[in-house]
1. Sort out which residues of region 135-174 are farther than 22 Å from LEU203 by Cα and under 16 Å from the mean Cα position of the chain (by Cα), and write them in order of number.
2. Of all residues in region 108-137, how many are in a strand (DSSP E or B) and among the basic types (Lys, Arg)?
3. Would you list the strands (runs of 3 or more DSSP E) that sit entirely within region 48-107 and hold 1 or more residues that are surrounded by 16 or more Cβ atoms within 10 Å (Cβ to Cβ)?
4. Being under 19 Å from the mean Cα position of the chain (by Cα) and surrounded by fewer than 20 Cβ atoms within 10 Å (Cβ to Cβ) is the filter here; which residues of region 115-134 pass it?
5. Residues being under 9 Å from the mean Cα position of the chain (by Cα) and without any contact (Cβ under 8 Å) to a residue 12 or more places away in the chain: count how many of those fall in region 30-54.
6. Restricting attention to region 183-218, which residues are farther than 27 Å from ALA241 by Cα and either surrounded by fewer than 23 Cβ atoms within 10 Å (Cβ to Cβ) or aliphatic (A, V, I, L, M) (or both)?
7. Quick check on region 161-170. Is at least one of its residues touching a Lys or Arg at 6+ places or on another chain (Cβ under 8 Å), polar (S, T, N, Q) and without any contact (Cβ under 8 Å) to a residue 12 or more places away in the chain?
8. Which one of ASP62, ASP20 is assigned by TED's automatic domain parsing to the domain that holds LEU185 and either out of contact with any Pro (no Cβ under 7 Å at 6 or more places or on another chain) or closer than 23 Å to ASP207 by Cβ (or both)?
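The values are calculated or read from the model by the stated rules, or taken from the named source; none is laboratory data. Please read these numbers as outputs of a predicted model, since none were measured by experiment. Because the Cβ atoms are built from the backbone with ideal geometry, glycine has one as well, and the counts that use them run over all protein chains shown.
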Amino acid sequence: MGWIRNRSTRRQTSPIPGLDEGERPVLVHALDGFLGAGSGPRVAAEYIGGDDGMVVESLDVDEYYDYRARRPPLIFDEDHYREYEPPTLDVRLHRDQVGTPYLMLAGPEPDYRWEAFAIDVADVIEQYDVGLTVGMGAVPMGVPHTRPLVVTQHANRKALVDQRNLWNGQVVVPASAQALLEYRLGEWGFDAMGYVVHVPHYLAQVDYPAASIALLESVSRRTGLRFELDELRARQVEAIADIEDQIREQDGGAVLANLEQQYDAFSRGANQSLLASDEALPSGDELGRQFEQFLAQVDKRDDD
């Protein structure tokens, strides 16, 4: 039996200014947390709007957020505290490159009360007559940064799936607030879908602009929203240069070459997982040693 959602408090529909009669807005969500490898969804959300859009709904973040697990920043200045930045889960009204309005839900993935969170989002969908909800996510995968990024599509209705995923079959995955949201929306009759980009696992803890680009391009193709991505692409060129410099300074790319061989074998149609190979694969410790220095230097550069 599905989770029961009480619709007795349904609010009157609020029209989105700028939409043609009969046109329904898109709601895009990017939650920073479990599906946030390479900061892909967070950077994508910040790039196409950030805090510039008008807040149309603010979800009660106190209901969902674990402050002790993810402590918000606060400045201590000599003898007093200042500039506290509280977490927020806001739905903002943005416009794309040609002025088309859309809604964006961005902020930390809820730590608690996922079912209540799904109900709150469904209320927003009803109030603004949202036609389609699209999620952006990113997960680490044993793939090299020298090959095209793989994007997996998912939806709560088969007709919404418009591309063939690279992997077939069934797999048990850890749940996320985003995944549960899509599942519940399907039970309640709302169309929802999303994209997950597979980020090289050795880059999961640093900003990887390519992941954000892949997500925004996918959202654009599906919804018709148009985003100018030149600045993000320029950031990616710089990021790749840094990555390759660090790899050359370490083992000359031996571990990277192994990942490339696996990826290429899979891409040629071999019926195997990217985690399977006839050759011995580098262990997590080996990969960690190869890229530990790179990550440390990236962190140091960011601090500077």
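1. HIS154, ALA155
2. 0
3. On the way: elements: 54-59, 75-77, 80-82, 89-95.
Passing ranges, in order: 54-59, 89-95.
4. Of everything in region 115-134, just one residue is under 19 Å from the mean Cα position of the chain (by Cα) and surrounded by fewer than 20 Cβ atoms within 10 Å (Cβ to Cβ), namely LEU132.
5. Summing the residues that are under 9 Å from the mean Cα position of the chain (by Cα) and without any contact (Cβ under 8 Å) to a residue 12 or more places away in the chain in region 30-54 gives 0.
6. Passing the criteria: TYR183, ARG184, LEU185, GLY186, GLU187, TRP188, GLY189, PHE190, ASP191, ALA192, MET193.
7. No - not one qualifying residue is present in region 161-170.
8. ASP62
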